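The values are calculated or read from the model by the stated rules, or taken from the named source; none is laboratory data. Everything quoted here is computed from the prediction, not taken from an experiment. Reconstructed Cβ throughout: ideal geometry from the backbone, glycine too, with neighbour counts over all protein chains shown. Surface accessibility is based on the protein's heavy atoms, side chains included, excluding ligands, DNA and RNA. Shrake-Rupley method; radii C 1.70, N 1.55, O 1.52, S 1.80 Å.
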Amino acid sequence: MLDILQKKLPVAQLVEAFTEWITKTFSGLFDFLQMIGSTIMDFVTNTLVFINPLLFIILATLAVFFLAKKKWPLPTLTALGLLFIYNQGLWEQLMNTLTLVIVASLISIVIGVPLGIWMAKNNTVKNIVNPILDFMQTMPAFVYLIPAVAFFGIGMVPGVFASVIFALPPTVRFTNLAIREISTELIEASDSFGSTPSQKLFKVELPLAKNTIMAGVNQTMMLALSMVVTGSMIGAPGLGREVLSALQKADIGNGFVSGISLVILAIILDRVTQAFNAKSEGGKPKSSMNKWIGIAALVVFLGAALGRVFMTMSNGNSEQGKSVTISYMQWDTEIASTNVIATVLKDKGYKVDMIPLDNAVMWQSVANGDSDFSVSPWLPVTQASLYKKHKNQLDDLGPNLKGTKLGLVVPSYMDVNSINDLSDQAGKTLTGIEPGAGIMEAAENAQKDYSNLSDWELTKASTGAMTTALDKAIKNEEEIIVTGWSPHWMFSKYDLKYLEDPEGSFGKEENINTIARKGLKEDLPELYQIIDQFSWTTEDMQEVMLDMNKGMSPEKAARKWVDANEDKVNEWLK
């Protein structure tokens, strides 16, 4: 009996097998939904972006003014908040986030309200659905990203999928609660007048339940908005991507700006949904005003859509560039290399979309064909497990940068030269980066290979948190041991050294490779040739990274390097 209890049930394997079966069996359906969803959301986002931002702000402020019963606090907040976001250069990201939230909320309402009504009418359905809703609300939101990527790849569609699962329960629960709490006397009165079930639902129950249902819709919208940062991990664009990028680089300023932009959007959406549900001063619903505001918003949107279509047709040449999707990890090395190759491709007339992803998702996106290529993989050791998993589904074009290195790094003032010399330095703590990074796997292997590290703690954080901790320790001349790699700007900024690794836990010299999706060579042969010939040196990469560290944007740093190295770039273009 004890042996049976100690034997691990194959739950993870069963879930993995079930997910793979669903993915393969319904791949056609998922591809169709991905195509339709991407088309719709791209259309909505591009239309919103097409509207002049200042005109959008004016129209939004006027709409909120009438919704707020012609009182100025909320319209003033709306105007100032949107102007702030526009001033910070985050307008396109705001429109992407708004699209994600609106689409996810609408899908949640379409599913949630009928399901809530069904629960209210049928106790058996209620008893079945309630545990499912409990599961959806308590499961960590990050878990939803795994099936989202498996089913729909990367981008806005999987972000909406994960957001719907997370945000759906409030609408269902509030709808069920609202209808169940309607007075039985009113229901009996409706029955006594001979109302049909549909008449009773639409003319008695739903009007009486409206306020509670709208409270659920409000909470659904807020939960969908709270998922934008999580969704950015699988390629969903918007403000969430900016927050995640700032987090990984420990960029406090940009993180705050992006975060406060999300707060502004959340406050506006929250107050607007409340205003839609409020009553006029005389106690009568403001249905007429709400209807006209809704019609006006629809007319403006359709007008902008038609205008965008007309402009696109008139300027046909502007849309002739071939689209290319590059996925990359948000490490400074990969940000530098991706922006450099993207700059070169843009100069050649390609429309480039760069999508930051977790390293495992990045590999999967190329293997699945959601991304065209990546110049991020560290091989043959750091990401060996990911290469082994996906090598038959992609093309390995070989190194674009040779001679990289990774290991445990310390300030030069520390009196230690080898991992074997470590005893109780830095509080027996190794400061690491993101949990899924290959260097973290190597650090865990080092803890097994070196007996003196068996009781040490490996702290998992982010690249930005690691460099921040390193900077603080060096300023105070404190001991610190970090997982480091080169090329990296920290070796130019600080006096650092690698600890010798006699056991070879971190491998020997590494390379950064280029990988491409299957079929890219046939689809875009010129592009394939360029990325196949793309190669540079550690010094080249550190030059771009240093400019980035000094405050230059990755795009400007890449442009500066490309302009200063025309001969090298021309070699890639032969």
If you place +1 on the Cβ of every Lys and Arg and -1 on the Cβ of every Asp and Glu, how big does the dipole about the Cα centre of the range 474-574 come out, in debye to the nearest 20?
380 debye
Putting +1 on Lys and Arg Cβ atoms and -1 on Asp and Glu Cβ atoms, find which of PHE491, SER418, ILE439 reaches farthest to the positive end of the dipole of the range 403-498.
PHE491
FRET efficiency estimate (nearest 0.05) - Cβ-Cβ, LYS402 to LYS121, R0 45 angstrom:
0.10
Per 0.36 nm of contour for each residue apart, how much would the distance between GLU479 and TYR413 grow if the chain were fully extended, relative to their Cα-Cα spacing?
22.9 nm
For the range 36-48, Karplus couplings with θ = phi - 60° (6.51, -1.76, 1.60), whole Hz, Gly/Pro x:
5, x, 5, 4, 5, 6, 5, 4, 5, 5, 5, 5, 5
Using a 1.4 Å probe on the protein chains only, how many percent of the accessible area of the range 403-498 belongs to carbon and sulfur?
42 percent
Amide H within-cut-off set for ASN400, under 5 Å, with H built and near neighbours excluded:
ILE512, ASN513, THR514
When ligands, DNA and RNA are left out and all protein chains stay put, how many square angstrom of accessible area per residue does the chain have with a 1.4 Å probe?
49 Å²
Estimated inter-spin distance, ILE58 and GLN199, nm [label 7 Å along Cα→Cβ]
5.0 nm
Between 0 and 90°, nearest 10: helix 239-248 axis offset from the chain longest Cα axis
30 degrees
Exposed chymotrypsin sites (Phe, Trp or Tyr not before Pro) being those in a DSSP loop with at most 13 other Cβ atoms within 10 Å, the longest stretch of the chain free of them is 194-412
Rounded to whole Å, sorted largest first: equivalent-ellipsoid semi-axes of the chain, Cα gyration tensor
47, 30, 24
Net charge around ALA557, counting only other residues with Cβ within less than 14 Å of its Cβ (Lys, Arg = +1; Asp, Glu = -1)?
-2
By the C-alpha gyration tensor axes a ≥ b ≥ c (rounded if a/c is under 1.5, else prolate when a/b exceeds b/c, else oblate), the shape of the range 470-568 is oblate
Say the dipole of the chain comes from +1 at the beta carbon of Lys and Arg and -1 at that of Asp and Glu; which of VAL409, MET222, VAL257 then lies farthest toward its positive end?
MET222
Projected onto the charge dipole of the chain (unit charges on the beta-carbon of Lys, Arg, Asp and Glu, signs +1, +1, -1, -1), the Cα from MET329, THR184, LEU394 with the largest positive-side position is that of THR184
Can you give me the angle between helix 554-564 and the longest principal axis of the chain, using Cα atoms only, in degrees from 0 to 90, rounded to the nearest 10?
40 degrees
Percent relative contact order for the range 403-498, counting Cα pairs under 8 Å at least six residues apart, stands at 49 percent
To the nearest 20 debye, what is the magnitude of the charge dipole of the chain about its Cα centre, counting +1 on the Cβ of each Lys and Arg and -1 on the Cβ of each Asp and Glu?
2900 debye
In the range 148-257, which GluC sites (Glu not before Pro) fall in coil by DSSP and have 16 or fewer other Cβ atoms within 10 Å?
GLU181
On Cα atoms only, tilt of 73-87 relative to the major axis of the chain in degrees:
30 degrees
List the residues whose amide H sits under 5 Å from the amide H of LYS405, counting only those 5 or more places along or on another chain, with H placed 1.01 Å from N in the peptide plane.
SER486, GLU510
So, with points 7 Å from each Cα along the Cβ direction, the SER183-LYS574 label distance in nm works out to 8.8 nm
For the range 403-498, compute Rg over Rh where Rg is the Cα radius of gyration and Rh is the Kirkwood radius from the inverse mean 1/r over Cα pairs.
0.92
Below 8 Å between Cα atoms, with a sequence gap of 6+, how large is the relative contact order for the range 357-471 in percent?
25 percent
